[in-house]
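These notes concern the structure reproduced below.
The values are calculated or read from the model by the stated rules, or taken from the named source; none is laboratory data. No experiment lies behind these values; they were computed from the predicted model shown. Because the Cβ atoms are built from the backbone with ideal geometry, glycine has one as well, and the counts that use them run over all protein chains shown. Areas reflect the complete protein model, heavy atoms only, side chains present, ligands, DNA and RNA absent. Shrake-Rupley method; radii C 1.70, N 1.55, O 1.52, S 1.80 Å.
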Amino acid sequence: MKVSIHWTYKHPKGRQIELTSDFLPANEALFLVEDFEKTSRVKDIVFYDTSDQSWSKKELQQYVKGIETEPHDIVAFFDGGYDIDTRKAGLGVSIYFTQNNKQYRVRKNSSFDELESNNEAEYAAFWLLLQELENLGVHHIEVTFKGDSQVVLNQLSGDWPVYEDEFIRWIDRIEDKMKKLGIKPIYEPISRKLNKECDQLALQALNGIEIDSRIELQNG
């Protein structure tokens, strides 16, 4: 979860000013506040998450401690490729997360038959991504979803209208699953260049190469 810090800075001569930080990972925000408080010039500290919910320092500390053993700080990527001749789709997903103070990456791909378009393959890839998040035990937490499909991400966010019946069916399934898991989505469209990992996974699926891996990432 990311939060912004809202606090009052009190100058030794009595002048006060209200300050607000950018959104930061919760543990980083708490670390900075601990440092701020050493100056004895800070008061009225409140944290706000991306849903505009307020948190006290104690509440945020309890939250951070409670999620240490569960996947958090999750960034999830997806991509779908489509072969119009065979009507076969290749789906690729990758998930980066922190658990027990260690960082991990999961990669998964799959093939899917009888789809109608590349956009539908992108929806199928997003569905595969949700299934992998469920397998990891992700629940009641913020997840950042990244992909190069403007259609999928803008339709899921509600920024673009949806007219196609097949897309509506995918969206209904996806929204039901996210509601069940308690996932708070953040949608971030990215360029194809920044989505090469999942593009390669999708291509490997189309070529019959199966990938299913989980590794611990080494710092640095």
Estimated [θ] at 222 nm from DSSP helical runs (n ≥ 4, -39500 (n - 2.57)) normalised by residues in the chain, nearest 500 = -11000 deg cm²/dmol
Within the accessible area of the chain (1.4 Å probe), percent carbon and sulfur = 47 percent
With every protein chain in place, what's the accessible area of residue 180 (1.4 Å probe, Å², nearest 10)?
-> 140 Å²
Rounded, prolate or oblate (a/c below 1.5 giving rounded, otherwise prolate when a/b exceeds b/c) for the stretch 180-220 by Cα gyration tensor = rounded
Given 32-38, 2-8, 184-190, 144-150, the highest-first ranking by average Cβ count within 10 Å works out to 144-150, 2-8, 184-190, 32-38
Taking only pairs that are 8 or more places apart or on different chains, how many Lys pairs in the stretch 2-69 have Cα atoms under 22 angstrom apart?
-> 15
Would you please give the residues with an amide H less than 5 Å from that of residue 143, counting only those at least 5 places away or on a separate chain, with H modeled from the backbone geometry?
-> 184, 186
From phi via Karplus (6.51, -1.76, 1.60), per-residue ³J(HN,Hα) for the stretch 52-66 in Hz, x at Gly/Pro = 6, 7, 8, 9, 7, 4, 5, 4, 5, 4, 5, 5, 4, 5, x
Label-point separation, residue 164 to residue 209 (7 Å along Cα→Cβ), nm = 2.8 nm
Rounded, prolate or oblate: which fits the stretch 97-220 when a ≥ b ≥ c are the square roots of the eigenvalues of the alpha-carbon gyration tensor, with rounded for a/c under 1.5 and prolate only if a/b beats b/c?
-> oblate
Taking only protein heavy atoms and a 1.4 Å probe, what accessible area per residue, in Å², does the stretch 72-216 have with all protein chains in place?
-> 50 Å²
Read through the labelled values [x] 17.1, 62; [y] 20.6, 75; [z] 17.4, 56 and report the label of the one computed as Rg and Dmax of the Cα atoms in Å from the structure.
-> [y]
Using alpha carbon centers only, the stretch 5-43 is separated from the stretch 124-142 by a whole-angstrom value of 35 Å
For residue 103, residues with placed amide H under 5 Å, excluding near neighbours | 217
Rounded if a/c under 1.5, otherwise prolate or oblate - the stretch 2-69, Cα gyration tensor axes = prolate
Area of residue 79 that stays accessible when all protein chains are in place (1.4 Å probe, Å², to 10) | 0 Å²
